Amino acid sequence: MNIKKILWRLIMLLIILFVIILSCTASDTVSWQEEVVLHDGSKIMVDRSQSYGGRRELGQSPPIKEQTISFTMPGTREYILWKNEYGRDIKRANFTPLALHISDGVPYIILTTTSCLSYNKWGRPNPPYVIFKFQSKVWQRILLEELPIELDSINLVVTTKSNEEVLLDESPINSVLMKELNRDINQPELNGILRKSVYTGYCPVMIHDGKGNWRSDDSFKRQPDIDACLKKCERTGYDVKHCPCDHIFGEK
């Protein structure tokens, strides 16, 4: 093989690597509007955006990296922003937005997690919702029991990545189109806000070491006692904060 052919192949390899690296760090942002129907039948206009990036398999498109939802409060005209930030420990956005509601002048946002790692990160809630309430100018996490019972509907487009073209072409999205875009979702917890537990066995318990690594809790549970478990934490790089032994065996 002559030198020219070798150089040509090296150049092509570098080009391919450059394209892969570029696609892995891509973060193009798309924006659209949704007309959101609240529990009392009133409507508000919501601005949404999302960008892409993070961990994915070779050949796959990047996951959603960040999202925002913003709106103006009826009556007070206060501008409110919620941001779905990039989770460095899970290499993608933390949440998938399901609903935005307002009750007695207080906004609530109901979310589900984006992956099994995210589900573990946020405490494995069941039903699998993470809920925030806007109070004292900040979003504060609350329990499902604290969410007003009348707030029970999904009123946002859930599958935003696969429907991006429609969202951009048809913005603002009305409630009829929102339901059409969500119609193929089979999980009952994503078709309405449930108040009972659902099956979550598809997602094993995973423990984060605080350094970007996750490990099944099985290896800790298999230890004969808490002392052996604590030694397992030391060997695998889990510090006191992230070691699950106290939770598994009880405080020593």
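For a quick check: sort I154, I110 by the number of other beta carbons within 10 angstrom, fewest at the front.
Lowest to highest Cβ neighbour count: I154, I110.
The calculated 222 nm mean residue ellipticity attributable to helices in the chain amounts to -7000 deg cm²/dmol, summing -39500 (n - 2.57) over DSSP H runs of n ≥ 4 and dividing by all residues.
Listed highest first by mean packing, meaning other Cβ atoms within 10 Å per residue, what order do 37-46, 100-109 come in?
Values: 37-46: 13.6, 100-109: 17.3.
Per-residue mean Cβ counts within 10 Å order the peptides as 100-109, 37-46.
Loop-resident chymotrypsin sites (Phe, Trp or Tyr not before Pro) (DSSP state other than H, G, I, E or B) in the stretch 155-221 with no more than 13 further Cβ atoms inside 10 Å of their Cβ: Y199, Y202. Can you list the DSSP H helices in the chain whose Cα atoms extend at least 20 Å along the helix axis and whose mean Kyte-Doolittle hydropathy is -1.0 or higher? Membrane-span-like by this rule: 3-24.
The HN-Hα couplings worked out from phi for the stretch 120-133 by the Karplus form 6.51 cos²θ - 1.76 cosθ + 1.60 (θ = phi - 60°) are 5, 4, 9, x, 6, x, 9, x, x, 10, 10, 10, 10, 10 Hz, whole numbers, x standing for Gly and Pro. Think of the chain as a dipole: +1 on every Lys or Arg Cβ, -1 on every Asp or Glu Cβ, centred on the Cα centre; then among F134, Y119, N174, Y119 lies furthest on the positive end. Normalised by the number of residues in the stretch 110-235, the average gap of Cα pairs under 8 Å and 6 or more apart makes the relative contact order 23 percent. Considering the chain at the alpha-carbon level, its Rg and Dmax are found to be 22.2, 77 Å.
Each residue, D225 and D28, gets one label point 7 Å from its Cα in the Cβ direction; the gap between the two is 6.1 nm.
Among T29, T114, T68, the ranking by other beta carbons within 10 Å of each residue's beta carbon, starting with the fewest, stands as T29, T68, T114.
Rounded to the nearest Hz, the phi-derived 3J(HN,Hα) couplings of the stretch 138-152 under the Karplus curve 6.51 cos²θ - 1.76 cosθ + 1.60 (θ = phi - 60°) are 9, 7, 10, 5, 10, 7, 4, 5, 8, 7, x, 4, 6, 8, 10, where x marks glycine and proline. For the chain, the relative contact order works out to 14 percent when only alpha carbon pairs closer than 8 Å and six or more residues apart are counted.
For a paramagnetic label modelled on D47 (point 7 Å from Cα along Cα→Cβ), amide N atoms under 17 Å away belong, within the stretch 157-177, to 168, 171-173.
Taking Cα atoms of the stretch 206-249, Rg/Rh with Kirkwood Rh, to two decimals?
Numbers: Rg = 9.2 Å, Rh = 10.1 Å.
Radius of gyration over Kirkwood radius for the stretch 206-249 works out to 0.91.
With both labels modelled 7 Å from their Cα along Cα-to-Cβ, the T200 to D89 distance reads 1.5 nm.
Label reach from N213 (point 7 Å along Cα→C-beta): in the stretch 79-119, amide nitrogens under 19 Å belong to 88-91, 117-118. Which pairs in the list K121/K179; K196/K232; K133/K211; K121/K196; K91/K196; K196/K231 are over 27 Å apart, alpha-carbon to alpha-carbon? Going by Cα-Cα distance, K121/K179; K196/K232; K133/K211; K91/K196; K196/K231 fall outside the 27 Å limit.
Taking a quarter of the surface of the Cα convex hull of the stretch 34-171, what do you get in nm²? The directionally averaged projection comes out at 8.9 nm².
Quick note: the coordinates plus some simple rules give every number you see, no bench work behind them. Note that the structure is predicted; figures quoted are calculated from it, not measured. Ideal geometry is used to build each Cβ from the backbone, glycine not excepted, and the neighbour counts take in all protein chains shown.
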